[in-house]
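Engineer: For reference, the structure I am asking about is given below.
What follows is calculated from the coordinates using simple rules that are stated; it is not laboratory data. Bear in mind the structure is a predicted one, so any value in this text is a computation, not a measurement. In this analysis, Cβ positions are derived from the backbone assuming ideal geometry, glycine residues included, and neighbour counts consider all displayed protein chains.
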Amino acid sequence: MIPIAKPYLNQEDAQAAYDVIMSGWITQGPRVQEFEEKFAAYTGAKHAVAVSNCTTGLHLAMIVAGIGSGDEVICPSMSYIATANSIMYVGAKPVFAEVHPETYNLDVADAEQRITSKTKAILLVHQIGMPADIDAFRALCDKHNLVLIEDAACAAGSSYKGKKIGSHSDLVCFSFHPRKVISTGDGGMVTTNNEAFSERMKLLRQHGMSVNAGARHGATKIIFEDHLEVAYNYRMTDIQAAVGIKQLEKLDWIVEERRTIAKRYLTELADIACIRLPKEESGYFTNWQSFSIYIKPEAPLSRNELMQALLDNGVASRRGVMTSHRETAYKDYCKGLSLPQTEDACDRSIIIPLFVPMSSEDITAVIQMLRSLLFS
Ligand SMILES: *Cc1c(COP(=O)(O)O)cnc(C)c1O
């Protein structure tokens, strides 16, 4: 069986976790700070704030951006459901906009049409690692006085116009779930150039505590902490951070390996007329967190038949990115909402295996299987 994905973890990552455990300081501490500094340097952002996962990072981003009850935030329905949920957490309303049929990234014109007097922000998603057109959304946000927030859960190691994702705007949220390109088990990071945002997120992730644990332990005089506001426990542990530091050192190599595999798919599946392959336009550099193909209506098999046939032949696949507005949690909220482009993209696409290391034989097997099923 060829799996859909696998995290790339090795002995070095395990050793890093071991060392932290043996040190006796296992939750947020020196390793978290080191991971933040290294992640900020890697992306080119001034600050990085480590959190328990990307969803909690998005929640903090909403809070520091000042989004609250009654506000509207435009985002794609086609995304992992956490994107929309993070807007709900602060009492605001996700307003789902359409995606572009070829990149699955948010459609600028459609997003603009949905702006009202209540719109406060746009939550952009870099779909399965492919950067969205940040400049176009920046211009739209400036024109309408909106905050731009990036859900870069899948986009660590991707670049837009020559700069790493994480450096372009003030609230960029990353995930280190095992399904992403690098992993800490669970984990997340928010990058920002805004020092006030960084400080407030650091407060909010740790119960609003005025003195951090490191300062308390290092103090020679007794200190009592105060809790400045009702906040959260969204900490990353030092065990996770130590793994993250080692993963980050490998990130560019992992991305290069993924790009080599994707290049074979793009070349060796190019002549199958009944599918549409993803496109990486100039100025866009994807980490290929996932590789999605669109099955056109004229294909000899339906999307689901193709997925079953692949499974029968030992190749795992997944449906493309989900739609949030058709999930039970959003059914009532979205009653009557129709997003034809989004629904078609979700219903007709599949994600095929791509992981590191993936043997040349496995890559060939996936290609051969798709060719034999789709050319018949
Ligand atoms: C994975 C993912 C998330 C959630 O990340 P967690 O770290 O699991 O909370 C949010 N948004 C998108 C687009 C994702 O792919």
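Engineer: Tell me, what ³J(HN,Hα) does each residue in the stretch 183-190 have, in order and in whole Hz, if you take phi through Karplus 6.51 cos²θ - 1.76 cosθ + 1.60 with θ = phi - 60° and put x for Gly and Pro?
Structural biologist: Taking θ as phi minus 60°, the curve returns 9, 10, x, 10, x, x, 8, 10 Hz for the stretch 183-190.
Engineer: Now a separate question. Which of the trypsin sites (Lys or Arg not before Pro) found in the stretch 220-289 are in a DSSP loop and have at most 14 neighbouring Cβ atoms, other than their own, within 10 Å? If you can, show how the numbers build up before the last one.
Structural biologist: On the way: sites: Lys221, Arg235, Lys246, Lys250, Arg258, Arg259, Lys263, Arg264, Arg276, Lys279; in loops: Lys221, Arg235, Lys279.
Taking the stretch 220-289 and a limit of 14 other Cβ atoms within 10 Å, the loop trypsin sites (Lys or Arg not before Pro) found are Lys221, Lys279.
Engineer: Can you run phi through the Karplus equation (6.51, -1.76, 1.60; θ = phi - 60°) for the stretch 108-121 and list ³J(HN,Hα) in whole Hz, with x for Gly and Pro?
Structural biologist: Calculated HN-Hα couplings, in order: 4, 5, 5, 4, 4, 4, 8, 6, 10, 5, 8, 5, 10, 7 Hz.
Engineer: Sum -39500 (n - 2.57) across every DSSP H segment of at least 4 residues in the chain, then divide by the residue count to get the 222 nm mean residue ellipticity, nearest 500. Write down the numbers at each step before the final one.
Structural biologist: Values: 13 runs with 147 residues, N = 376.
It comes out at -12000 deg cm²/dmol, rounded to the nearest 500.
Engineer: Continuing with the same structure: What are the ³J(HN,Hα) couplings of the stretch 332-342, residue after residue, when phi is run through the Karplus curve with 6.51, -1.76, 1.60 and θ = phi - 60°? Round to Hz, x for glycine and proline.
Structural biologist: 5, 4, 9, 3, x, 6, 10, 10, x, 5, 5
Engineer: Share of antiparallel DSSP beta bridges in the chain, in percent to the nearest 5? Don't skip to the answer; put the middle values down first.
Structural biologist: Details: 25 of 41 bridges.
Restricted to the chain, the bridges split so that about 60 percent are antiparallel.
Engineer: Find the centroid of the Cα atoms in the stretch 32-105 and in the stretch 112-146, then give the distance between the two in whole Å.
Structural biologist: 12 Å
Engineer: Follow-up. Place +1 on the Cβ of every Lys and Arg and -1 on the Cβ of every Asp and Glu in the stretch 11-250, take the dipole about the Cα centre, and give the residue among Val147, Thr103, Ala48 whose Cα lies farthest towards its positive end.
Structural biologist: So the residue we want is Ala48.
Engineer: Now, a different point. Mind telling me which of Ile223, Ile26, Ile165 comes out most flexible in a GNM of the chain, alpha-carbon contacts under 10 Å?
Structural biologist: Largest GNM mean-square fluctuation: Ile223.
Engineer: Something else: Mind checking the stretch 115-156 for trypsin sites (Lys or Arg not before Pro) that DSSP puts in a loop (not H, G, I, E or B) and that have at most 14 other Cβ atoms within 10 Å? Kindly include the intermediate steps, with their values, before the conclusion.
Structural biologist: Values: sites: Lys118, Lys120, Arg138, Lys143; in loops: Lys118.
In loop regions of the stretch 115-156 (DSSP not H, G, I, E or B), the sparsely surrounded trypsin sites (Lys or Arg not before Pro) are Lys118.
Engineer: Continuing with this model, one more query. Magnitude of the Cβ-charge dipole of the chain, K/R +1 and D/E -1, about the Cα centre, nearest 20 debye? Display every interim value, and only then the final one.
Structural biologist: On the way: 38 positive and 44 negative charges, 47 e Å.
It comes to approximately 220 debye.
Engineer: Only Cα pairs under 8 Å and at least 6 apart count here; give the relative contact order of the stretch 11-250 as a rounded whole percent.
Structural biologist: On the way: 505 pairs, mean separation 66.9, N = 240.
So the answer I get is 28 percent.
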